[in-house]
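Novice: Here it is: the structure, laid out below.
The values are calculated or read from the model by the stated rules, or taken from the named source; none is laboratory data. A quick note: this is a predicted structure, and the numbers were derived from the prediction, not measured. Note: ideal-geometry Cβ built from the backbone for every residue, glycine included; neighbour counts use all protein chains shown. To get the accessible areas, we keep the full protein, side chains included, count just its heavy atoms, and leave off ligands, DNA and RNA. Shrake-Rupley method; radii C 1.70, N 1.55, O 1.52, S 1.80 Å.
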Amino acid sequence: MAEVVLRDVCKRYGNYNAVDNVNLTIRDKEFVVLVGPSGCGKSTTLRMIAGLEEISGGTIAIGDQIVNDLPPRERDIAMVFQNYALYQHMTVYDNLAFGLRNRKVPEDTIKAEIDRAVDILGLRDLLKRKPRELSGGQQQRVALGRCIVRHAKVFLFDEPLSNLDAKLRAHMRLELKRLHRRVETTAVYVTHDQVEAMTLGDRVVVMNNSRIEQVGTPWEIYAHPRTRFVASFIGSPAMNFLDGKVRRNGSGFYVQAPGGTFHVSDQGSSELAAHDGGEIIVGLRPEHISLSETRTENALHGRVELTEQLGAEQLVEVIAEGAKIMVSRVDAERELKPGTPVYLTVEPGQLRYFDRITEERLV
Amino acid sequence: MATIAGDRQTASRGAIPATRRRSRLMGERLYFQIGLILPSVLVLLLFQVVPIFIGMDASFRRWSLYDPDKTWVGLEHYRYVLSDTNFLFTVLPNTFLLMVASVSLSLALGMAVALLLHRGFAAQRLVQTVVLLPLMIGPVISSTMMRWTFNDQFGVVNAFLGWLGLGQPAWLADRWYAFGVIVFTDVWLWTPWFALLLLAGLKSLPKEPFEAAALDAAGRWRVFTHITVPMLRPVIGVCVVIRAIDCFRTFDQVWLLTGGGPARSTEVFSIYVYMEAFQNLNFARGSAAAVIGTLIIMVAGLALYALINRFMDVSR
């Protein structure tokens with residue numbers, strides 16, 4: 001059980017910074033998810049914690065010990081790989097036992113540990129099989145078992161579910177969550193799937209271009225994204241961004257956007273006070289937009305371009321003065337033909353404002 | 001070819017009934033295919049298959065230069081070879097000893113070299129080239145070189161031993177020393193071949209199991225025995241089978257180094273056949289020995305193959 005602390009961690013390949021000044025504290029027993037697009041440095045960060053990549057700068061500490069110069073085996077960590085990395089020529093039992101045997105653990109202790117792990121993971125009937133005789137989900141559970149038997153200080157997961165089909169992935173996601181509640185070990189999980197990040201993480205770390213963009217609970221990340229990137233990466237369908245102009249209206253403000261204007265909440269007014277007359281980006285989540293076919297005050301006027309029927313809801317793409325706006329949670333039974341004029345409104349408190357140049361949230 | 005046939009088919013559609021059209025086109029394609037392989041089949045037949053049958057036929061006759069009738073004698077030559085104590089107690093043991101020693105030593109050394117090259121180091125490219133040099137030198141040249149290297153009066157080995165103040169054995173005049181030199185030469189010649197193939201095998205292995213093993217606290221030796229070797233088994237298996245069969249017919253090294261001597265004590269199978277056929281001019285007896293050798297290596301090869309198949313099944 002241990003805390004993991006990354007201080008100014010860098011990874012350089014020649015002139016290219018794969019990981020740039022990452023600072024992060026992962027608390028004891030916490031489940032932290034690193035999420036970001038491919039090439040953002042999340043896997044490299046994980047592999048540096050594991051000791052599979054050298055650290056070019058900064059320090060990584062596990063527990064109270066700085067591990068920069070420790071080989072992987074002395075870091076007391078366990079890892080699940082994307083392709084499971086099972087030992088194909090060994091039985092499931094031997095796969096689970098390998099790490100313990102290398103550490104000279106007595107055979108009866110090994111047996112007891114494996115017994116415990118197979119009960120947790122439901123692998124009892126598969127112990128004598130070879131990995132290639134198992135399904136993807138079963139192989140994944142063996143890989144998890146390899147972590148459980150070790151009682152490692154930290155569990156690392158490198159996109160462990162991305163080789164599974166959608167249904168199994170959703171199932172294993174729940175299993176992982178249950179497992180973490182049961183074994184209570186510090187866990188670092190890397191994924192590019194925002195749903196996994198939101199559902200699994202106690203905290204989520206959003207990375208982009210080798211840097212951390214934001215760290216927070218899933219709700220914080222969703223509700224208060226610090227940058228346009230975070231806002232666009234988290235949430236599905238993605239947040240809409242419109243170019244807007246800030247206008248004063250007596251003591252308050254409003255924002256002029258393609259197709260109409262938005263009222264700004266009191267909170268929003270304080271955020272926008274410094275940008276009177278300036279150009280900003282307005283972010284509005286598809287699920288916060290209400291769509292009406294009758295003229296409404298303080299609404300954006302546009303026309304339906306496309307609809308996507310999902311059964312429980314419809315996604316509607318609206319074009320307002322050339323700007324594309326996605327609207328979700330539209331009643332599935334509503335009939336909206338392309339070209340229908342519609343009015344879009346959003347609760348002022350749900351609007352997010354970003355600087356047009358730095359793309360950071362305005363505060 | 002397929003596209004030409006396809007074009008024809010569409011062009012002539014309707015003119016000829018479908019079945020006839022198809023069979024004619026198939027026939028055309030077949031002729032083309034036969035035409036392509038015919039030259040190599042002819043060469044193979046004329047220079048490999050026919051001589052093999054002539055040789056087999058010869059082994060049943062009195063096929064010597066002073067017997068133009070080539071009288072049929074049945075299994076007489078086989079009986080001779082199989083009761084020849086030299087063949088049974090020197091030639092065959094020597095052949096298998098050379099096979100086992102050469103294959104196992106060059107496999108072990110080749111593996112070591114491959115692991116070294118796989119790890120990568122500063123002068124790796126240079127070392128890689130140097131290590132592979134023996135592969136580029138003809139066996140005749142390297143064997144001649146080795147004969148001089150181990151020459152008891154002028155060879156570097158004895159010069160070096162003399163400089164160290166050690167004894168200077170007559171390398172090629174003693175049975176076991178001479179056999180040692182043969183094995184040494186063969187290992188020297190074939191280690192690079194093993195190294196090259198095993199290196200290719202190593203490079204094709206996925207890296208994740210090795211990373212998992214590093215996290216699983218496996219030491220270098222455990223990684224080698226429990227991860228690397230099992231994963232390389234298919235490559236090792238194929239290398240060993242090919243090389244073992246090939247080793248059975250070793251000729252040049254032995255011929256040039258010892259000529260089978262001293263006193264036929266280092267004679268191996270190919271030398272025996274050559275001596276019978278072309279030194280004693282007893283073609284029939286040589287042929288019989290060759291056929292026996294073929295049968296032996298067929299059985300040995302199949303056994304090895306089965307063994308390695310089982311070995312690989314375990315890894316699966």
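Novice: Residue under question is A:Arg356, and the condition is that it be touching a strand residue (DSSP E or B) at 6+ places or on another chain (Cβ under 9 Å), within 17 Å of A:Glu271 (Cα to Cα) and open to solvent by 40 Å² or more (accessible area, probe 1.4 Å); does it hold? Steps first, answer last, please.
Specialist: Working: touching a strand residue (DSSP E or B) at 6+ places or on another chain (Cβ under 9 Å): yes; within 17 Å of A:Glu271 (Cα to Cα): yes; open to solvent by 40 Å² or more (accessible area, probe 1.4 Å): yes.
Taking the combined requirement at face value, the residue satisfies it.
Novice: Looking at the stretch B:51-75, I want the residues that are of a type in the set (Asp, Glu) and have a partner that is not in a helix (DSSP H, G or I) with Cβ atoms under 8 Å, at least 6 apart or on another chain. Which pairs are those?
Specialist: The qualifying pairs are B:Asp69/B:Arg62.
Novice: Further question on the same structure: Before we move on, is B:Val130 more than 19 Å from B:Cys239 (Cα to Cα), in contact with a Ser or Thr (Cβ under 8 Å, 6 or more places away or on another chain) and either without any contact (Cβ under 8 Å) to a residue 60 or more places away in the chain or buried (at least 17 other Cβ atoms within 10 Å of the Cβ) (or both)?
Specialist: no
Novice: Among the residues of the stretch A:9-56, which ones are among the polar types (S, T, N, Q) and touching a residue at least 40 places away in the same chain (Cβ under 8 Å)? Full working, then the answer.
Specialist: Just the residues of the stretch A:9-56 that are among the polar types (S, T, N, Q), to begin with: A:15, A:17, A:21, A:23, A:25, A:38, A:43-45, A:56.
Residues satisfying the conditions are A:Asn17, A:Asn21, A:Asn23, A:Ser38, A:Ser43, A:Thr45, A:Ser56.
Novice: Using the structure shown, decide if A:Thr59 is more than 24 Å from A:Arg182 (Cα to Cα), open to solvent by 20 Å² or more (accessible area, probe 1.4 Å), without any contact (Cβ under 8 Å) to a residue 40 or more places away in the chain and over 23 Å from the mean Cα position of the chain (by Cα).
Specialist: No.
Novice: Among the residues of the stretch A:257-272, what is the count of those that are surrounded by 15 or more Cβ atoms within 10 Å (Cβ to Cβ) and under 32 Å from the mean Cα position of the chain (by Cα)?
Specialist: Going through the stretch A:257-272, the residues surrounded by 15 or more Cβ atoms within 10 Å (Cβ to Cβ) turn out to be A:257-265, A:268-269, A:271-272.
Subset that is under 32 Å from the mean Cα position of the chain (by Cα): A:257-258, A:262-265, A:268-269, A:271-272.
Looking only at that region, the number is 10.
Novice: Run A:Glu159 past the list (1) within 19 Å of the chain's Cα centre (by Cα); (2) at negative phi and report the number of the one that doesn't hold.
Specialist: Result: A:Glu159 passes all but (2).
Novice: Scan the stretch A:156-167 for residues that are open to solvent by 10 Å² or more (accessible area, probe 1.4 Å) and within 22 Å of A:Asp202 (Cα to Cα) and report the count.
Specialist: 3
Novice: Being over 27 Å from A:Ala273 (Cβ atoms) and of a type in the set (Phe, Trp, Tyr), is that true of even one residue in the stretch A:349-359?
Specialist: First pass over the stretch A:349-359, keeping only residues over 27 Å from A:Ala273 (Cβ atoms): none.
No, the stretch A:349-359 contains no residue that is over 27 Å from A:Ala273 (Cβ atoms) and of a type in the set (Phe, Trp, Tyr).
Novice: A:Gly122: assigned by the TED database to the domain that holds A:Ile60, in contact (Cβ under 8 Å) with a residue 24 or more places away in the chain and not aromatic (Phe, Trp, Tyr), yes or no? Full working, then the answer.
Specialist: On the way: assigned by the TED database to the domain that holds A:Ile60: yes; in contact (Cβ under 8 Å) with a residue 24 or more places away in the chain: no; not aromatic (Phe, Trp, Tyr): yes.
So A:Gly122 does not fit the description; no.
Novice: Here's another thing I want to ask about it. Take the residues in the stretch B:226-238 that are under 22 Å from A:Lys104 (Cβ atoms) and open to solvent by less than 50 Å² (accessible area, probe 1.4 Å); name whichever of them is farthest from the other protein chains (Cβ to nearest Cβ).
Specialist: Applying the first criterion (under 22 Å from A:Lys104 (Cβ atoms)) to the stretch B:226-238 yields B:226-230.
Adding the requirement that they be open to solvent by less than 50 Å² (accessible area, probe 1.4 Å) leaves B:227-230.
On the way: B:Ile227: 7, B:Thr228: 11, B:Val229: 9, B:Pro230: 4 Å.
Among those residues, the one meeting the criterion is B:Thr228.
Novice: Somewhere in the stretch B:158-172, is a residue in the same structural domain as B:Val127 (by TED's automatic domain parsing), crowded, with 17+ Cβ neighbours inside 10 Å and under 24 Å from B:Met275 (Cα atoms)?
Specialist: The answer is yes, given that some residue of the stretch B:158-172 is in the same structural domain as B:Val127 (by TED's automatic domain parsing), crowded, with 17+ Cβ neighbours inside 10 Å and under 24 Å from B:Met275 (Cα atoms).
Novice: From (1) on the phi < 0 side of the Ramachandran plot; (2) not in a strand (DSSP E or B), pick out the condition that doesn't hold for A:Val304.
Specialist: It fails just one condition, (2).
Novice: Then there's this: Specify which of the listed residues (A:Glu30, A:Glu54) is surrounded by fewer than 22 Cβ atoms within 10 Å (Cβ to Cβ) and closer than 29 Å to A:Glu184 by Cβ. Reasoning before the result, please.
Specialist: Working: A:Glu54 fails: closer than 29 Å to A:Glu184 by Cβ.
It is A:Glu30.
Novice: While we're on this one: Is it fair to say A:Ile212 is β-branched (Val, Ile, Thr), within 22 Å of A:Arg27 (Cβ to Cβ) and open to solvent by 10 Å² or more (accessible area, probe 1.4 Å)? Explain how you work it out, then say what you get.
Specialist: On the way: β-branched (Val, Ile, Thr): yes; within 22 Å of A:Arg27 (Cβ to Cβ): yes; open to solvent by 10 Å² or more (accessible area, probe 1.4 Å): yes.
It is true that A:Ile212 is β-branched (Val, Ile, Thr), within 22 Å of A:Arg27 (Cβ to Cβ) and open to solvent by 10 Å² or more (accessible area, probe 1.4 Å).
Novice: Another question, then. Would you please list the contacts, defined by Cβ atoms under 9 Å and residues six or more apart or on different chains, that run from a residue in the stretch B:133-161 that is among the basic types (Lys, Arg) to a residue that is assigned to a helix (DSSP H, G or I)?
Specialist: What qualifies is B:Arg147/B:Leu172; B:Arg147/B:Val181; B:Arg147/B:Thr185; B:Arg147/B:Leu256; B:Arg147/B:Leu257.
Novice: Further, regarding this structure: Output the residues belonging to the stretch B:215-236 that are more than 27 Å from the chain's Cα centre (by Cα) and more than 26 Å from A:Asp158 (Cα to Cα).
Specialist: If the condition is that a residue be more than 27 Å from the chain's Cα centre (by Cα) and more than 26 Å from A:Asp158 (Cα to Cα), then B:Trp221 is the only one that fits.
Novice: Then there's this: Find all pairs meeting these conditions: Cβ atoms under 9 angstrom apart; at least six residues apart or on different chains; first residue within the stretch A:241-264 and among the polar types (S, T, N, Q); second residue in a loop (DSSP other than H, G, I, E, B) and surrounded by 19 or more Cβ atoms within 10 Å (Cβ to Cβ).
Specialist: A:Asn249/A:Val264; A:Thr261/A:Ala299
Novice: Quickly run through the stretch B:187-217 and pick out the residues that are within 11 Å of chain A (Cβ to nearest Cβ) and crowded, with 23+ Cβ neighbours inside 10 Å.
Specialist: Matches in the stretch B:187-217: B:Pro209, B:Ala212, B:Ala213, B:Leu215, B:Asp216.
Novice: So A:Val282 clears everything in (1) outside any helix (DSSP H, G or I); (2) open to solvent by 20 Å² or more (accessible area, probe 1.4 Å); (3) touching a residue at least 60 places away in the same chain (Cβ under 8 Å) except one condition, right? Which one?
Specialist: Failed condition: (2).
Novice: Take the conditions outside the structural domain of A:Arg248 (by the TED database) and either more than 16 Å from A:Ala238 (Cα to Cα) or part of a helix (DSSP H, G or I) (or both) and apply them to A:Val363. Does it pass? Break it down into steps so the answer makes sense when it comes.
Specialist: Working: outside the structural domain of A:Arg248 (by the TED database): yes; either more than 16 Å from A:Ala238 (Cα to Cα) or part of a helix (DSSP H, G or I) (or both): yes.
In short, yes.
Novice: Right, here's the next one. Restricting attention to the stretch A:342-349, does a residue exist that is of a type outside the set (Phe, Trp, Tyr), closer than 21 Å to A:Val230 by Cβ and within 25 Å of the chain's Cα centre (by Cα)?
Specialist: yes
Novice: When the residues of the stretch A:77-130 are filtered to those that are on the phi > 0 side of the Ramachandran plot and crowded, with 20+ Cβ neighbours inside 10 Å, which remaining residue is nearest to the other protein chains (Cβ to nearest Cβ)?
Specialist: Here is the first cut: in the stretch A:77-130, the residues on the phi > 0 side of the Ramachandran plot are A:84-85, A:104, A:122.
Remaining after also requiring crowded, with 20+ Cβ neighbours inside 10 Å: A:84-85.
On the way: A:Tyr84: 8, A:Ala85: 3 Å.
That would be A:Ala85.
Novice: Quick one: A:Glu133 ticks every box in (1) open to solvent by 60 Å² or more (accessible area, probe 1.4 Å); (2) away from chain B (no Cβ under 11 Å) except a single one, so which number is it?
Specialist: Only one criterion in (1) open to solvent by 60 Å² or more (accessible area, probe 1.4 Å); (2) away from chain B (no Cβ under 11 Å) is unmet by A:Glu133, namely (2).
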